[in-house]
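Trainee: Let me give you the structure first, and then I'll get to my questions.
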Amino acid sequence: MVDNKVITIHEQWHPILGKEIPLIEPYHYVKLSNILSPLKLSAHESGSVGKVLPYIRQKVKMWGADVLRAENIKTLIDEDDEDELSDEESTIDESRDLERNQLSRFDCIASLLASAECTVAQDIFRTLSQFPIAFPLVMPELDEAEKFRVMLPSFTGPIIKWETKPGTIIENHLFNDPFQLIVAVRIGTNSSGKSTILNQLMVSNSMFSSRSDPRAEYGIPHMINGSIEFTWLTQETCSVSLWNDVFENYYKEGTNKIILLANLHGDALDYLDQIQFLKQFPSSFLVFLMPGYTENKLNEFKAQIGSTKVVYGYVSDSKNGKHVINVNHLTHDKTLKKVRTMFKEALDIGDSDTSSFKISELKLGKTLQIAEDIEFHTSQFLVDFVKEKTCRHIKLNVMQLQRRQQYDDSLQIWKNNSELQVLIQLYKFILKLPLDKRRQTLAHLEREISRLSMIESSKARNKAVSKKEELRKSSLEDEKTIQDEIAKIWAEVDNMSLGLEHFFRELGQIYKIFSVYNPNDEIVLELPKLYSELLISGHTIELLNGDNGTISEAWFSAICKHICIKYPNLRIFVISILGLQSSGKSTLLNALFACRFAVSVGRCTRGLFMRLLFLEKDLSDQLNIDAFILIDTEGLGAPEKMTDPESEKKDRILTTFAMGVSNLTILNVLGESTRDLTEILQISIVTMARLEKAGMAPDILMVQHVSERNIAKISEPEEKFREALREALKIANEQDQEMGISNTDCLHILDERIQNGQLLKPFRPFKNGATAYAPPSEQYHEDVVNLYNSIIKDCKNSKNKIEFSKWHTLIQSYWKEVSHENFAVRFKNIKEIYEFIDLGKRITKLKETIDRSFQKHKESIMQEIRSNLLNWSNDKSNINSVLRNECLKLIDEELKNVPDCNIKCEYEETEEESEFEFEFNINIKCEECEKTNKERIELEEYLRDKNNEKCEMETKQTIENYIKLNRQSVFTTLTQMLEASIIRKGISSESLDIINTHLENILKNMSNEEFPNQQRQQKIDEIWNLLQKHMLSKDDTIPIEEQINKEIEYE
């Protein structure tokens, strides 16, 4: 898919790099392979640096930056194969044959960066910037002689942090935010040089390449002369004495200006272009005058730097003085104190320099050329547009479509929003660039938009931190108020947080509109293909909108369709990661797979993001797949969602979906407590089993970050975690009817994992120290490598690999099911489900006794009514009407006490109320009502023990409603039965009246002779027709459908 480009190496560097090396582009950089073993090169092997670069690159990708320590580089050469140097030969001389030093730290890091495409170089630096090492600010070009590359564009943007006081962290975007550069140069030469002196004040004696490095006895690095190394002077890079004496107080004043140290290798007068380059920075110079320097050389140097502020130091092994550095006593604190004093003076005289700095305005000499930058006019136009409007305005007022996805007026919104049209037009210009430029401009846009968002939201984020501290100290009565305030602050931070995902969402909505109203527009015809190319090359896209929980189906499907066209049989293995917010999920994925998922403060992951990473051919053949899909998920239990009553339910839905579309889910746990994540996972397991269309069969690995590898400490929470998962599997299997379980096949791999005890991967501490910018530990890197190997092994053993064409269809249908699941996800954990089932059974049992109570009373009342209707009169008196009313009253009075009738029920109609003597007694010892009351009391006691007031109230209301419904149902049945009986009684007497009346008329008009048979039949028919007509007039039965509708309306 991607052409393999190479860099032709100038012959000057052939001994260490060979004739050519591959150019590492993003597609190659993120491509996955087996873990490489360290090499053992022979002492005189040609192209040594080029051969170790793949191993070093993989180590750096996985945050094993210690590989670039000089003492570790040394181990890659087989020292037993080297010739021993005589004492005379081991004396360092710059004129010595450089081929002897085949492998040096500086040559390795310079070649690593020089062989990388600009966005890859930025990624490498972003990783390495977390470690206290020096970087080549200026280094030789690989393909030209006597030319140097200025690496400034690749080093711009990463955040360096320091603590001004406990809890207050300052963030500085390197070379974008204020900085001061202290430049160390030398005039003249000496066996113990400037770099050796500087290293005595650094955290590492090998910070800068020097003549005291391991293997330095074989010569200086090939690429060192004329190069400039730099680092920042913070607590992590300074020695304890330099930090305490010079820089601690400087940073504690609350400044946001960072101090950088640049170290020019070689005599300053030999590299005047470098001097002119450095003096353009807000800088001051530390000039080390070596033995043998002359006044002429010093004057020549002064002429070069003009009015730039300078502190001079004299390197000597015999003289004494304020700034005289005796190299014979370099380890003596008295000597080093003089160097620290030089730093203090350079800091003080440079602190007044307020000159502005812009990379674009740098002037470079003929030997210097700027490295390729990711900044293009195309992306800068969009950055400037956002900066002018503000991130908040863009998100709330410009990107309106993603905020109103369910409205029918989307087309009108688009037509009326001129700012949105400009924004999308600028974004389209970026997307239509060639793929390599497209990646670079998007990287620039992402970096600058993130920086603008962080600057814009910094006050609100600091306020949230302060409120969080206030919450910690607050009383219970103030807690809710402060929580609400924190939620509002985080909502405002969110309104100012803008990222590439918001551009992606808005474009998805526009694609949806244009697909209907303008299907021939380039947004519909071209942009999905352009985004598919980005995804194939390793670019991250949003899978699930984290703000409203939706998938832009049409947009996502269109992108995936083009991937399927390019790779119709693409075999994939899907990995997702879950964990509580700020547990380090994105950080872990970045270390495992060299990703660029958001990890900074204020830009935590929202929703789901996915990335497609291809495999090297040997690994692909080994695993029988072509690519991994990585899914980074929103942090669960986010504090800014603490006031959202639906937040826990959303977490469970998100977890269920992420697990259901993955082959492997990594659970990232920070610390020893796994309770919150365990509860979420339990519900997800049950929910997956409830869904008819199961996703994939998820496997699980739990990564637990602990302070120490104490088996006793981690075994207990691990066992609790296993037991919790067993409970979830148990309830899915055993309570299938109560839980509505549809499919447990998707859980069998998880069950096997638990049974085999292969669930936990303990991780040692991430940070090597407790300072604000402490570097990742070497142990963390080792654990990352072990986890990576476990993932490869799991993938190899997996029987549930899937093709991309099937997977992208599955995730859309599965999301619909998960998002509409409303039973299991409302529970917090398995305990609540068991309690719900238990409560349900108790309620059902009580309802059954209520049913029996009403049935018993219904039968008793029916019997009494039948008995009373024996008094029905066939005459026209009002006795029948009174009798009917008495029966209705009987029904009402009797049912009113059910199921609470544990007393003798009596009813007596007095003579004043009735025209006749009417008396009845219902004297029943109602066992059914006694049982009902007993069950009711037990249920109430059960609920009180649960100490859940809301549940208690809801259950009581449920029972009251059920009793009311039963009472109404039985009342309706009994009154209908009464009316039917009365109708039958009434019809019988009325029919007899009709017959008698008609017969009387016949007899009156009848002659003495008998009727002939024909006439007799005629009279009978007349009577029958009258009866039929009368009966039809009584037919006022309500149709069945109407009765049902009335019942539903009542319910």
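The values are calculated or read from the model by the stated rules, or taken from the named source; none is laboratory data. Owing to the predicted nature of the structure, the values given are computational and were not obtained by experimental measurement. Positions of Cβ are generated from backbone atoms using ideal geometry, with glycine treated the same way; all protein chains shown enter the neighbour counts. Side chains included, ligands, DNA and RNA excluded: accessible areas come from the protein's heavy atoms. Shrake-Rupley method; radii C 1.70, N 1.55, O 1.52, S 1.80 Å.
Condition check ((1) in contact with a strand residue (DSSP E or B) (Cβ under 7 Å, 6 or more places away or on another chain); (2) at pLDDT 70 or above; (3) farther than 30 Å from THR844 by Cβ; (4) not assigned by the TED database to the domain that holds ARG866) across all residues:
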{"residue": "ASN961", "(1), (2), (3), (4)": "no, yes, no, no"}
{"residue": "ASN966", "(1), (2), (3), (4)": "no, yes, no, no"}
{"residue": "THR973", "(1), (2), (3), (4)": "no, yes, no, no"}
{"residue": "ALA980", "(1), (2), (3), (4)": "no, yes, yes, no"}
{"residue": "ILE994", "(1), (2), (3), (4)": "no, yes, yes, yes"}
{"residue": "HIS998", "(1), (2), (3), (4)": "no, yes, yes, yes"}
{"residue": "SER1007", "(1), (2), (3), (4)": "no, no, yes, yes"}
{"residue": "ARG1016", "(1), (2), (3), (4)": "no, yes, yes, yes"}
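Trainee: Could you tell me how many of the residues in the stretch 480-505 are of a type in the set (Asp, Glu) and open to solvent by 70 Å² or more (accessible area, probe 1.4 Å)?
Mentor: The number of residues fulfilling the criteria is 0.
Trainee: Of the residues ASP521, ASP547, which is under 21 Å from the mean Cα position of the chain (by Cα), surrounded by fewer than 19 Cβ atoms within 10 Å (Cβ to Cβ) and charged (D, E, K, R)?
Mentor: Every option except ASP547 fails the conditions.
Trainee: Those residues that are within 20 Å of THR550 (Cα to Cα) and touching an Asp or Glu at 6+ places or on another chain (Cβ under 6 Å), I need them from the stretch 399-436; list them, please.
Mentor: Residues satisfying the conditions are MET399, LEU401, GLN402.
Trainee: Is at least one residue of the stretch 138-149 open to solvent by 10 Å² or more (accessible area, probe 1.4 Å) and either under 20 Å from LYS358 (Cβ atoms) or within 30 Å of the chain's Cα centre (by Cα) (or both)?
Mentor: Yes, that holds for at least one residue.
Trainee: Still on this structure, I have one more. Counting only residues that are of a type in the set (S, T, N, Q) and over 19 Å from ILE551 (Cβ atoms), how many does the stretch 494-521 have?
Mentor: Final tally of qualifying residues: 4.
Trainee: Residues of the stretch 556-582 being in a loop (DSSP other than H, G, I, E, B) and open to solvent by 10 Å² or more (accessible area, probe 1.4 Å), which ones? Walk me through it before giving the result.
Mentor: Our first condition is that a residue be in a loop (DSSP other than H, G, I, E, B); within the stretch 556-582, this holds for 567-570, 581-582.
TYR567, PRO568, ASN569, GLN581, SER582, listed by residue number.
Trainee: So is VAL52 in contact (Cβ under 8 Å) with a residue 60 or more places away in the chain and either more than 39 Å from the chain's Cα centre (by Cα) or open to solvent by less than 30 Å² (accessible area, probe 1.4 Å) (or both) or not?
Mentor: no
Trainee: Something else: For THR809, state whether it is at pLDDT 85 or above and within 40 Å of the chain's Cα centre (by Cα).
Mentor: When the stated conditions are applied, THR809 passes them.
Trainee: Tally up the residues in the stretch 117-132 that are of a type in the set (Gly, Ala, Ser) and surrounded by fewer than 23 Cβ atoms within 10 Å (Cβ to Cβ), please.
Mentor: Number of matching residues: 1.
Trainee: Now for a different question. Given (1) modelled with pLDDT of 85 or more; (2) part of a loop (DSSP other than H, G, I, E, B), identify the lone condition not met by THR771.
Mentor: Here THR771 meets the rest and fails (1).
Trainee: Give the stretch 2-54 a look and list any residue that's touching a Phe, Trp or Tyr at 6+ places or on another chain (Cβ under 9 Å) and among the aromatic types (Phe, Trp, Tyr), or say none.
Mentor: TYR27
Trainee: Could you list, in sequence order, all residues of the stretch 528-555 that are within 26 Å of PHE657 (Cβ to Cβ) and part of a helix (DSSP H, G or I)?
Mentor: Listed by number, the residues that qualify are PRO528, TYR531, SER532, LEU534, LEU535, ILE536, GLU553, ALA554, TRP555.
Trainee: Restricting attention to the stretch 453-466, does a residue exist that is more than 30 Å from CYS560 (Cα to Cα), of a type in the set (A, V, I, L, M) and surrounded by fewer than 17 Cβ atoms within 10 Å (Cβ to Cβ)?
Mentor: Yes.
Trainee: Let me confirm something: among GLU821, GLU832, which residue is charged (D, E, K, R), at pLDDT below 75 and open to solvent by less than 30 Å² (accessible area, probe 1.4 Å)? Don't jump to the end; show me each part of the working.
Mentor: Details: GLU832 fails: open to solvent by less than 30 Å² (accessible area, probe 1.4 Å).
When all the criteria are applied, what remains is GLU821.
Trainee: Here's another thing I want to ask about it. What are the pairs, 6+ residues apart or on separate chains, where a residue within the stretch 252-263 that is in the same structural domain as ARG340 (by the TED database) and in a loop (DSSP other than H, G, I, E, B) has its Cβ under 7 Å from a residue that is at pLDDT 95 or above and open to solvent by less than 30 Å² (accessible area, probe 1.4 Å)?
Mentor: So the pair list comes out empty.
Trainee: Determine which single condition PRO158 fails, assuming it passes every other condition in (1) free of Cβ contacts under 8 Å to residues at least 40 places away in the same chain; (2) out of contact with any Lys or Arg (no Cβ under 8 Å at 6 or more places or on another chain).
Mentor: If we test PRO158 against (1) free of Cβ contacts under 8 Å to residues at least 40 places away in the same chain; (2) out of contact with any Lys or Arg (no Cβ under 8 Å at 6 or more places or on another chain), just (2) comes out false.
Trainee: Next question, about the same structure. Restricted to the stretch 1-44, and to residues that are of a type in the set (Asp, Glu), within 43 Å of the chain's Cα centre (by Cα) and over 18 Å from VAL60 (Cβ atoms), which residue is surrounded by the fewest Cβ atoms within 10 Å (Cβ to Cβ)?
Mentor: Within the stretch 1-44, the match that is surrounded by the fewest Cβ atoms within 10 Å (Cβ to Cβ) is ASP3.
Trainee: I'd like the full set of residues that are surrounded by fewer than 20 Cβ atoms within 10 Å (Cβ to Cβ) and more than 22 Å from PHE343 (Cβ to Cβ), limited to the stretch 268-290.
Mentor: LEU269, ASP270, LEU272, ASP273, GLN276
Trainee: How about the stretch 261-285: which of its residues are out of contact with any Leu (no Cβ under 8 Å at 6 or more places or on another chain) and among the charged types (D, E, K, R)?
Mentor: ASP267, ASP270, LYS279, listed by residue number.
Trainee: Inspect all residues belonging to the stretch 308-320 and state whether any of them is part of a helix (DSSP H, G or I) and over 19 Å from LEU233 (Cα atoms).
Mentor: The answer is no, given that none of the residues of the stretch 308-320 is part of a helix (DSSP H, G or I) and over 19 Å from LEU233 (Cα atoms).
Trainee: Could you list, in sequence order, the residues of the stretch 216-260 that are among the β-branched types (Val, Ile, Thr) and either farther than 30 Å from ALA43 by Cβ or in contact with a Leu (Cβ under 8 Å, 6 or more places away or on another chain) (or both)? Walk me through it before giving the result.
Mentor: Quick first cut of the stretch 216-260, residues among the β-branched types (Val, Ile, Thr) only: 220, 224, 228, 231, 234, 237, 240, 246, 255, 258-259.
Selection gives ILE220, ILE228, THR231, THR234, THR237, VAL240, VAL246, THR255, ILE258, ILE259.
Trainee: Condition check: of a type in the set (A, V, I, L, M), within 17 Å of PHE854 (Cα to Cα) and modelled with pLDDT under 80. Does ILE922 satisfy that?
Mentor: yes
Trainee: Same structure, new question: Would you mind stating whether THR341 is closer than 22 Å to GLU248 by Cβ and in contact with a helix residue (DSSP H, G or I) (Cβ under 8 Å, 6 or more places away or on another chain)?
Mentor: Taking the combined requirement at face value, the residue does not satisfy it.
Trainee: Follow-up question, since we're still on this one. Cβ-Cβ distance below 6 Å, separation of 6 or more or different chains: which pairs start in the stretch 306-332 with a residue that is over 26 Å from LEU278 (Cα atoms) and open to solvent by less than 70 Å² (accessible area, probe 1.4 Å) and end on one that is outside any strand (DSSP E or B) and among the small types (Gly, Ala, Ser)?
Mentor: VAL327/SER192
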